[in-house]
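Notes follow the structure.
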Ligand code: AHR
């Protein structure tokens, strides 16, 4: 028999809107994320538009990617933007020290990224190098991209781009506590103040949103220090958090073929995001009660042992129904923290970590995570409502998560949207609600906890149509074990 759960949505209690940027992507020069994943070059046999693969471009357009963060990650603090401009044949070849020690031939640079953003219809979030280059380099990069006049603008025009681009967001360094320079928070805050001073849009143009590099996971002190010393020099402060099934970096756990214990530990560790945001937000509130500085979770997602046979350092992993649940639970958490969380970027867009899309030469598969992002599109820009769940927790191997998690919001089209996730891999739930009307939408589920798509069977796990029942005038949802549902209520 299904487990009974009740959900009460309070449409009288609305939160600040869900910024579309919460559905942002992260695309680093790492493994096959950019090369092969996004860029195949104009001479490739793989169908492409000016070098960008068409299949991936179309799939990303479909999920309305609001913002892409590029070029790193750790790569950002080793990147000299000058390597990636000018005739492609003349660009230098560097070593990508962090990610496999492979060569980086700079075929994808500033023009390729900024033009891609325009083609995709997404905002650009460019991450600058604070770790290994000077503030003048950072400032000149911004000028190269955004200026109407001057030598740098002339150089850009000579390189094929007449009009300036719009750089909406600029990251001042990345993970300054680690690969971005191994800094103490005090030093990081001072350096942020210095570099941020030189990141400016041309006179008369909208200001660039300056993002300070923030804490690693639960390092709340880092947020405290950054806010105390540098809050007046930033528009947003980042936080990075990854979900590892085992919680250990040396043996993280496999992407498929895992046990139910690891299903439970992964979902439970993913929902730690709620406490994490809450505690970082407390630190921010202390210094910024008016919430002028936004929190950007600009790296998040699952991180598994990479697939056997894949290139070391490329962070290529499969993506299963478990990742779909992680995505849904995490997006729901962001929906509950819209007062502070204004952007999030899942790591990473294609072929790296918890990717939307996997590619193998000319072939492409959409992952279960992609399907959740697709189902959740109506939440972009929506107004979230408070929702209370009364039901049991799902528990296994000492890990706990609520059996049913929910998010409700009024979409920009005026409709009420409801998302429901059943985290229990064995038991169905019967969810009774206080809502009435008709509820139609889609469900994502599969026979196994690691159901996933492969290049040979790309449609093994896909959303199917779903509708709720009405009983006694109220909507009732039958949720199969391990499922994610999103419906529109008319
Ligand atoms: O996403 C992979 C890496 O994780 C990023 O380069 C870095 O910022 C983080 O440690």
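Out of all the residues in the stretch 97-121, which are surrounded by 15 or more Cβ atoms within 10 Å (Cβ to Cβ), on the phi > 0 side of the Ramachandran plot and within 16 Å of the ligand (Cβ to nearest atom)?
100
Filter the stretch 289-300 down to residues that are more than 12 Å from the ligand (Cβ to nearest atom) and either surrounded by 16 or more Cβ atoms within 10 Å (Cβ to Cβ) or closer than 17 Å to residue 321 by Cα (or both), then give me how many there are.
Within the stretch 289-300, the first condition is being more than 12 Å from the ligand (Cβ to nearest atom), and the residues that meet it are 289-297.
Next cut, either surrounded by 16 or more Cβ atoms within 10 Å (Cβ to Cβ) or closer than 17 Å to residue 321 by Cα (or both) only: 293-297.
Final tally of qualifying residues: 5.
Taking the stretch 179-210 only, how many residues are at negative phi and either within 16 Å of the ligand (Cβ to nearest atom) or surrounded by 17 or more Cβ atoms within 10 Å (Cβ to Cβ) (or both)?
So the first thing to find is which residues in the stretch 179-210 are at negative phi, and the list is 179-180, 183-203, 205-210.
Applying the additional criterion that residues be either within 16 Å of the ligand (Cβ to nearest atom) or surrounded by 17 or more Cβ atoms within 10 Å (Cβ to Cβ) (or both) yields 179-180, 183, 185, 188-189, 191-192, 195-196, 198-199, 201, 208-210.
Looking only at that region, the number is 16.
Pick from the stretch 243-252 the residues that are within 16 Å of the ligand (Cβ to nearest atom) and crowded, with 19+ Cβ neighbours inside 10 Å: which of them is farthest from the chain's Cα centre (by Cα)? Full working, then the answer.
As a first pass, look at the stretch 243-252 and keep what is within 16 Å of the ligand (Cβ to nearest atom): 243-244, 247-250, 252.
Filter once more, keeping what is crowded, with 19+ Cβ neighbours inside 10 Å: 243, 252.
Numbers: 243: 13, 252: 20 Å.
The residue in question is 252.
Looking only at residues that are surrounded by fewer than 16 Cβ atoms within 10 Å (Cβ to Cβ) and assigned to a loop (DSSP other than H, G, I, E, B) in the stretch 461-479, which one is modelled with the highest pLDDT?
Ranking the candidates gives 462 first.
Go through (1) buried (at least 22 other Cβ atoms within 10 Å of the Cβ); (2) in contact with a helix residue (DSSP H, G or I) (Cβ under 8 Å, 6 or more places away or on another chain); (3) over 26 Å from residue 65 (Cα atoms) for residue 141 and report which single condition fails.
The number of the failed condition is (3).
So for the stretch 32-39 (the condition being in a loop (DSSP other than H, G, I, E, B), within 16 Å of the ligand (Cβ to nearest atom), surrounded by fewer than 17 Cβ atoms within 10 Å (Cβ to Cβ) and modelled with pLDDT of 95 or more), does at least one residue qualify?
We begin by selecting, within the stretch 32-39, every residue in a loop (DSSP other than H, G, I, E, B); these are 32-34, 36-38.
From the residues that got through so far, the ones that are within 16 Å of the ligand (Cβ to nearest atom) too are 32-34, 37-38.
Restricting the remaining residues to those that are surrounded by fewer than 17 Cβ atoms within 10 Å (Cβ to Cβ) gives none.
No, every residue in the stretch 32-39 fails to be in a loop (DSSP other than H, G, I, E, B), within 16 Å of the ligand (Cβ to nearest atom), surrounded by fewer than 17 Cβ atoms within 10 Å (Cβ to Cβ) and modelled with pLDDT of 95 or more.
Consider residue 260 against the criteria (1) in contact with a strand residue (DSSP E or B) (Cβ under 7 Å, 6 or more places away or on another chain); (2) buried (at least 18 other Cβ atoms within 10 Å of the Cβ): it satisfies all of them except one. Which criterion is unmet?
Going through (1) in contact with a strand residue (DSSP E or B) (Cβ under 7 Å, 6 or more places away or on another chain); (2) buried (at least 18 other Cβ atoms within 10 Å of the Cβ) one by one, residue 260 breaks only (2).
Considering only the stretch 441-468, how many residues are within 30 Å of residue 17 (Cβ to Cβ), under 27 Å from the mean Cα position of the chain (by Cα) and in contact (Cβ under 8 Å) with a residue 24 or more places away in the chain? Spell out the reasoning first.
Here is the first cut: in the stretch 441-468, the ones within 30 Å of residue 17 (Cβ to Cβ) are 441-445, 462-468.
Add one more test, that the residue is under 27 Å from the mean Cα position of the chain (by Cα), and what stays is 441-445, 462-466.
Retained after the next criterion (residues that are in contact (Cβ under 8 Å) with a residue 24 or more places away in the chain): 441-445, 462-463, 465-466.
Result for the stretch 441-468: 9.
Tell me which of these residue 64 doesn't satisfy, since it passes every other one: (1) in contact with a helix residue (DSSP H, G or I) (Cβ under 7 Å, 6 or more places away or on another chain); (2) assigned to a loop (DSSP other than H, G, I, E, B); (3) crowded, with 24+ Cβ neighbours inside 10 Å.
Unmet condition: (3).
Which of the residues that make up the stretch 307-340 are crowded, with 24+ Cβ neighbours inside 10 Å and either at pLDDT below 95 or at positive phi (or both)?
315
Is it the case that the stretch 17-24 has a residue that's within 16 Å of the ligand (Cβ to nearest atom), under 22 Å from residue 366 (Cβ atoms) and assigned by TED's automatic domain parsing to the domain that holds residue 98? Write out each step before concluding.
So the first thing to find is which residues in the stretch 17-24 are within 16 Å of the ligand (Cβ to nearest atom), and the list is 24.
If we keep only those that are under 22 Å from residue 366 (Cβ atoms) as well, we get 24.
Next cut, assigned by TED's automatic domain parsing to the domain that holds residue 98 only: 24.
Yes - at least one qualifying residue is present in the stretch 17-24.
For every residue, the table says whether it meets (1) closer than 26 Å to residue 313 by Cα; (2) touching a residue at least 24 places away in the same chain (Cβ under 8 Å); (3) within 16 Å of the ligand (Cβ to nearest atom); (4) under 15 Å from the mean Cα position of the chain (by Cα).
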| residue | (1), (2), (3), (4) |
| --- | --- |
| 8 | no, yes, no, no |
| 28 | yes, yes, yes, yes |
| 49 | no, yes, no, no |
| 64 | no, yes, no, yes |
| 76 | yes, yes, yes, no |
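Quick check on residue 70: is it within 16 Å of the ligand (Cβ to nearest atom) and under 24 Å from residue 19 (Cα atoms)?
Against the criterion (within 16 Å of the ligand (Cβ to nearest atom) and under 24 Å from residue 19 (Cα atoms)), residue 70 qualifies.
Being within 12 Å of the ligand (Cβ to nearest atom) and buried (at least 16 other Cβ atoms within 10 Å of the Cβ) is the filter here, so list the residues in the stretch 162-178 that pass it.
Taking the stretch 162-178 and keeping what is within 12 Å of the ligand (Cβ to nearest atom), we get 171, 173-178.
Of everything in the stretch 162-178, those that are within 12 Å of the ligand (Cβ to nearest atom) and buried (at least 16 other Cβ atoms within 10 Å of the Cβ) turn out to be 171, 173, 174, 175, 176, 177.
Which strands (runs of 3 or more DSSP E) sit wholly inside the stretch 301-399 and have at least 3 residues that are in contact (Cβ under 8 Å) with a residue 40 or more places away in the chain and either within 16 Å of the ligand (Cβ to nearest atom) or touching a helix residue (DSSP H, G or I) at 6+ places or on another chain (Cβ under 6 Å) (or both)? Before the answer, list the steps.
Values: elements: 341-347, 357-360, 363-366, 383-390, 393-396.
Counting at least 3 such residues, we get 341-347.
Touching a residue at least 40 places away in the same chain (Cβ under 8 Å), in a helix (DSSP H, G or I), farther than 29 Å from residue 449 by Cα and more than 15 Å from the ligand (Cβ to nearest atom) - does that describe any residue in the stretch 265-279?
There is at least one residue in the stretch 265-279 that is touching a residue at least 40 places away in the same chain (Cβ under 8 Å), in a helix (DSSP H, G or I), farther than 29 Å from residue 449 by Cα and more than 15 Å from the ligand (Cβ to nearest atom).
Tell me which residues, restricted to the stretch 78-96, are in a loop (DSSP other than H, G, I, E, B) and within 16 Å of the ligand (Cβ to nearest atom).
79
Just checking, does the stretch 127-134 include any residue being assigned to a helix (DSSP H, G or I) and over 27 Å from the mean Cα position of the chain (by Cα)? I'd like the intermediate steps shown before the answer.
Kept after step one, since they are assigned to a helix (DSSP H, G or I), are these residues of the stretch 127-134: none.
There is no residue in the stretch 127-134 that is assigned to a helix (DSSP H, G or I) and over 27 Å from the mean Cα position of the chain (by Cα).
The values are calculated or read from the model by the stated rules, or taken from the named source; none is laboratory data. Remember, predicted model here, so these are calculated numbers, not experimental data. Cβ: placed from backbone, ideal geometry, glycine included. Neighbour counts: every protein chain shown.
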